[in-house]
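K.L.:
The structure under discussion is supplied below as structure tokens; questions concerning it will follow.
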Amino acid sequence: MLLALLLGSSAVFSQDAALQQAIAAYEGAEYDDAIDRFAVLVADASTERAVKKEALQYLGRAYVAKRAYDDARATIDRLLDLEPPLVELDPEDEPPSLMKLYYEVRRDYAGYEVQRPDPGMQTLAVMDFTNASVDEKERFDPMQQGFASMMINYLEGATDLKVIERERIQWLLEELELQRDPGLVDQASAVRTGKLLGANTVLFGAFTVHGREMWISARLVKVETGEVLLAEQIFGKRDEFFSLVEQLSGQVADAIGVELASAEADDAERGVTRSLDARLSYSQGLGLIEQGKYQEAYDKFMEALRYDPDYTDAQRRADSLRPQLASAG
């Protein structure tokens, strides 16, 4: 019995060591070597489930770096075959091309609707906010994406709540050729998108910058009935946008009856920044990703890090683009 346990522990250690060697090859941009190493782990029937899952995620990234998109898609298929539990990819860590393949495979598996990890869990979709500013409108246009991603940062840690990633919403709008102009987001279009995604509630809104002041208005709508659960407007100094979003997130959580994660988490843990310049650069990067301008997006995320070196979300986004940039080289 003891011998069997020792042998089992040795096998797990060996798998972990092989995984780390493959990751080192990937991080060193030795993508062919990394693909070979990850493929061996994935093909081995004795490979632990957790190791196989991580190997498949890295394998997909390596295939993107080599422009082997059919292989990357097949890798996503194999990854989803490991379910349950639900396999979710995080767009902050994955190359954009891999995320699009993931959404396509998800669509083929179960349609557009988001899979809920728990039947009792609520699902919220956060639409991009409309920039209704007069002063410096062009400068603050990137915050249309920025406010949505910030709200998701705050709400995704709430108990009993699944927040749909912004990238899935944008992919859906593009896939179905729906209206993507955030200036035209209204209650009807928000509810329609929420229904397609299988969301219980949808949040949409607008912001206005005037001088040193900022106003944020938001509506939270119940998808099934169209009932407005929250209609709120808050205002303050534009350099205090962080506190305004924090306040609004708390009101949204109260309106749908969920509890936000501990307020004791620091900015680095949340992946957020209190620097307006860093947030604007980051938001510009999000918009550039959607335009397929990956090098420019990478440069914007690095610019955000110069404004705030502890801005972990910007670092993750920059890292996620490296295989995408390799494939364009």
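Read the figures in this text as sums done on the coordinates, not as results from a lab. Values in this document were obtained by computation on a predicted structure and should not be read as measured data. Here the Cβ is made from the backbone with ideal geometry for all residues, glycine too, and neighbour counts use every protein chain on show.
K.L.:
So what's the angle, to the nearest 10 degrees on a 0 to 90 scale, between helix 241-256 and the longest Cα principal axis of the chain?
P.N.:
Value to nearest ten degrees: 80.
K.L.:
Roughly what angle does helix 187-197 make with the longest principal axis of the chain, taking Cα atoms, 0 to 90 degrees, to the nearest 10?
P.N.:
Here the helix axis deviates by roughly 10 degrees.
K.L.:
Using a Gaussian network model on the chain with a 10 Å cutoff between Cα atoms, which of VAL202, VAL245, VAL87 fluctuates the most?
P.N.:
VAL87
K.L.:
Follow-up question, since we're still on this one. Going by average Cβ neighbours within 10 Å, how do the peptides 286-297, 103-114 rank, with the highest at the top?
P.N.:
286-297, 103-114
K.L.:
In units of 2.2 N^0.38 Å, what is the alpha-carbon radius of gyration of the stretch 77-196?
P.N.:
Working it through for the stretch 77-196, the quotient is 1.13.
K.L.:
With Rg and the Kirkwood Rh both taken from Cα atoms, where does Rg over Rh land for the stretch 2-110?
P.N.:
1.00
K.L.:
Sticking with this structure for a sec: Give, as a single signed number, the net charge of other residues whose beta carbon lies under 14 Å from the beta carbon of VAL42, with Lys and Arg counted +1 and Asp and Glu -1.
P.N.:
Its environment carries a net charge of -1.
K.L.:
Right, here's the next one. For the pairs LYS195/LYS300; LYS66/LYS195; LYS53/LYS162; LYS100/LYS300; LYS137/LYS300, note any where the Cα-Cα span goes beyond 27 Å.
P.N.:
From LYS195/LYS300; LYS66/LYS195; LYS53/LYS162; LYS100/LYS300; LYS137/LYS300, over 27 Å: LYS195/LYS300; LYS66/LYS195.
K.L.:
Quick check for me: using +1 on Lys/Arg Cβ and -1 on Asp/Glu Cβ, what's the dipole size of the chain about its Cα centre, in debye to the nearest 20?
P.N.:
For the chain, the charge dipole is close to 440 debye.
K.L.:
Still on this structure, I have one more. Could you work out how far helix 143-155 tilts from the main Cα principal axis of the chain, as a 0 to 90 degree angle to the nearest 10?
P.N.:
The helix 143-155 is inclined about 70 degrees to the chain.
K.L.:
Order of 14-27, 162-175, 51-64 by packing, highest average Cβ count within 10 Å first?
P.N.:
51-64, 162-175, 14-27
K.L.:
Antiparallel DSSP bridges in the chain: what percent, to the nearest 5?
P.N.:
Antiparallel: roughly 70 percent of the beta bridges in the chain.
K.L.:
May I pose another question? Filter the trypsin sites (Lys or Arg not before Pro) in the stretch 200-229 down to the DSSP loop ones having no more than 12 other Cβ atoms within 10 Å, then list what survives.
P.N.:
Within the stretch 200-229, the qualifying trypsin sites (Lys or Arg not before Pro) (loop, at most 12 other Cβ atoms within 10 Å) are ARG212.
K.L.:
Right, next: Which values, in whole Å and largest first, are the semi-axes of the equivalent ellipsoid of the chain obtained as the square root of 5 times each eigenvalue of the Cα gyration tensor?
P.N.:
They are 36, 23, 19 Å, listed from largest to smallest.
K.L.:
Considering the alpha-carbon set of the stretch 203-329 alone, what are its Rg and its Dmax in angstrom?
P.N.:
Over the stretch 203-329's Cα set, Rg and Dmax evaluate to 16.9, 50 Å.
K.L.:
What Kirkwood hydrodynamic radius, in Å, does the stretch 143-253 give when the mean of 1/r is taken over all pairs of distinct Cα atoms and then inverted? Mind showing how you got there, number by number?
P.N.:
Values: mean 1/r = 0.0687 Å⁻¹.
Averaging 1/r across every pair of different Cα atoms and inverting gives 14.5 Å.
K.L.:
Could you work out [θ]222 nm for the chain from helices alone, using -39500 (n - 2.57) per DSSP H run of at least four and dividing by all its residues? Round to the nearest 500 deg cm²/dmol. Please list the in-between numbers first.
P.N.:
Values: 15 runs with 186 residues, N = 329.
Value at 222 nm, helices only: -17500 deg cm²/dmol.
K.L.:
On to the next question. Tell me which residues come under 5 Å, amide H to amide H, from VAL126 once H is placed; ignore anything under 5 positions away on its chain.
P.N.:
HN-HN under 5 Å from VAL126: ILE164, LEU203.
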